[in-house]
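Novice: The structure under discussion is supplied below as structure tokens; questions concerning it will follow.
The values are calculated or read from the model by the stated rules, or taken from the named source; none is laboratory data. Note that the structure is predicted; figures quoted are calculated from it, not measured. Cβ: placed from backbone, ideal geometry, glycine included. Neighbour counts: every protein chain shown.
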Amino acid sequence: MTDSYSSRLETLDRTGNLRQLSEIDPQGGYLQRNGISMLNLSSNDYLGLADNEILKTEFLQTINSRDCRFSSTSSRLLTGNYPVYTRLEERLARLYDAESALVFNSGYHANSGILPAVTDSRSLILADKLIHASLVDGIGLSKARCIRYRHNNYEQLERLVFENAKQYNHIFIVTESIFSMDGDESDLPRLVALKRQYPNVYLYLDEAHAFGVRGLHGLGCAEEQGVIGDIDFLVGTFGKAAASVGAFVICSNKMKQYLVNTMRTLIFTTALPPINLEWTLFIVNKIYDMQARREHLDRIAHRVREALNPLNGGICSSSHIIPYILGESERTVDMAIRLQREGFYLLPVRPPTVPPGTSRLRISLNAECSDTDIERLIHTIQHLQQSL
Ligand code: PMP
């Protein structure tokens, strides 16, 4: 390894920003690491389904050996497009009362592939400052011009749309519904009202952290806020609340056909194994009626937000993702270690994932957390906070 790589690693280490892979063994709402059991507050398994024995057993009973395939053997455009893709996509389209759904290998594939496919040099992308890295990479691969607007600053966004609408063939507003690091939300009715004023403005919404969690049937914030039909590209992922893998976009028939013909991260990759799609379809059907889990998650999230939002210097979560901002990376790492010793598996989130000076612990609640777990968490944080 050359000196430049080593010195970069040393710098990361010195500033508390070195990342490492650590092995964990999940057990229900808990996990084991180095023989220690901790409450899992770091996974995206928001409904607490990934380790659910009842669901796993039921699923395995429904699956026959023909459907039990562990490889799709090629891209969807070659021999990888098994019938379960059609069943899953038809089910999703029906749930959203939409023309079409298209399934991808991951949210990263979806977000890094759709924008390059649908934009060209006569397109403008207006993207929230805090969008996920997968969207940033998609923008980087596209030929469009991009302007990042200040986080959730709709006055600035409205001005940008107004100033540019006539100069570009298409404008894409790109945002998340629940933001992955701050846990705050977009105002979807306001974004919809804005896009409706212009025939060439499209709304691209990443619901990765809301799918399964929000809305009466878990379809996301667009369901909750009654705007599903107004979102041009509604992206959801299966690797979080749906306890599976993959992603989807809800869109028009024409757009689906266009993406199948142009989207490199769909065309040039081996399709998901059919067994994963079977599990996804099974879970998507179950999630529809999991209101009790969603309500419990909402209740405990409310309780944690009440305790932590005041400590966060203006960053104000409104969801089940609640940051605990500590500022400098070393301080954040130190607090993560202390909380892990107390039995809470929390991890430091540091630059470049978040802006410098806003290193944090990202508390990612799930429906398996009990009220007692939550009270103990709040009490422990408040106690440790006093010693900072
Ligand atoms: N979008 C957002 C907002 C995310 O947080 C993530 C992953 N954390 C992704 C997309 C990527 O999804 P996936 O993990 O399925 O690649």
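Novice: Pick from segment 35-45 the residues that are of a type in the set (A, V, I, L, M) and in a strand (DSSP E or B): which of them is surrounded by the most Cβ atoms within 10 Å (Cβ to Cβ)?
Specialist: LEU39
Novice: Does segment 46-61 contain at least one residue that is in a loop (DSSP other than H, G, I, E, B) and either under 15 Å from LEU277 (Cβ atoms) or basic (Lys, Arg) (or both)?
Specialist: Scanning segment 46-61, I find no residue that is in a loop (DSSP other than H, G, I, E, B) and either under 15 Å from LEU277 (Cβ atoms) or basic (Lys, Arg) (or both), so the answer is no.
Novice: Look at SER318 and say whether it is at pLDDT below 95, of a type in the set (Ser, Thr, Tyr) and on the phi < 0 side of the Ramachandran plot.
Specialist: no
Novice: Could I ask something else about it? When the residues of segment 83-100 are narrowed to those that are under 17 Å from VAL227 (Cα atoms) and either under 18 Å from the mean Cα position of the chain (by Cα) or surrounded by fewer than 13 Cβ atoms within 10 Å (Cβ to Cβ) (or both), which ends up nearest to the ligand (Cβ to nearest atom)?
Specialist: The extreme case among them is LEU92.
Novice: Is there any pair linking a residue in segment 106-125 that is over 13 Å from PHE233 (Cα atoms) and modelled with pLDDT under 95 to one that is more than 7 Å from the ligand (Cβ to nearest atom) and not in a helix (DSSP H, G or I), with Cβ under 9 Å and at least six apart or on different chains, and which?
Specialist: none
Novice: Then there is this: Give the residue, chosen from LEU377, LEU346, LEU365, LEU361, that is at pLDDT 95 or above and in contact with a His (Cβ under 6 Å, 6 or more places away or on another chain).
Specialist: LEU365
Novice: Return the residues of segment 235-248 that are touching a helix residue (DSSP H, G or I) at 6+ places or on another chain (Cβ under 6 Å) and assigned to a strand (DSSP E or B); say none if nothing qualifies.
Specialist: VAL235, THR237, ALA247, PHE248
Novice: Surrounded by fewer than 21 Cβ atoms within 10 Å (Cβ to Cβ) and either touching a residue at least 60 places away in the same chain (Cβ under 8 Å) or on the phi < 0 side of the Ramachandran plot (or both), is that true of LEU194?
Specialist: So LEU194 fits the description; yes.
Novice: Follow-up. Read through the list (1) within 21 Å of ALA222 (Cβ to Cβ); (2) without any contact (Cβ under 8 Å) to a residue 12 or more places away in the chain, then give the number of the only condition that LEU135 fails.
Specialist: Against the list (1) within 21 Å of ALA222 (Cβ to Cβ); (2) without any contact (Cβ under 8 Å) to a residue 12 or more places away in the chain, LEU135 comes up short only on (2).
Novice: Moving to a separate point now. Looking at segment 106-123, which of the residues that are part of a loop (DSSP other than H, G, I, E, B) and either within 8 Å of the ligand (Cβ to nearest atom) or basic (Lys, Arg) (or both) is surrounded by the most Cβ atoms within 10 Å (Cβ to Cβ)?
Specialist: In this case the residue turns out to be SER106.
Novice: Applying the selection to segment 94-107, what residues are closer than 16 Å to GLY246 by Cα and out of contact with any helix residue (DSSP H, G or I) (no Cβ under 7 Å at 6 or more places or on another chain)?
Specialist: ASN105, SER106, listed by residue number.
Novice: Among (1) more than 22 Å from the chain's Cα centre (by Cα); (2) surrounded by 15 or more Cβ atoms within 10 Å (Cβ to Cβ), where does ARG159 come up short?
Specialist: (2)
Novice: Residues that are under 30 Å from GLY327 (Cα atoms) and away from the ligand (no atom under 16 Å from the Cβ): find the strands (runs of 3 or more DSSP E) completely inside segment 124-230 holding 2 or more of those.
Specialist: 145-149
Novice: Still on this structure: Of everything in segment 23-34, what is outside any strand (DSSP E or B), at pLDDT 85 or above and not β-branched (Val, Ile, Thr)? Give them in sequence order.
Specialist: Answer for segment 23-34, where residues must be outside any strand (DSSP E or B), at pLDDT 85 or above and not β-branched (Val, Ile, Thr): GLU23, GLY29.
Novice: Pick out the one residue from ARG33, ARG76, ARG69, ARG87 that is touching a Pro at 6+ places or on another chain (Cβ under 7 Å) and of a type outside the set (Asp, Glu).
Specialist: Going through ARG33, ARG76, ARG69, ARG87 in turn, just one is touching a Pro at 6+ places or on another chain (Cβ under 7 Å) and of a type outside the set (Asp, Glu): ARG69.
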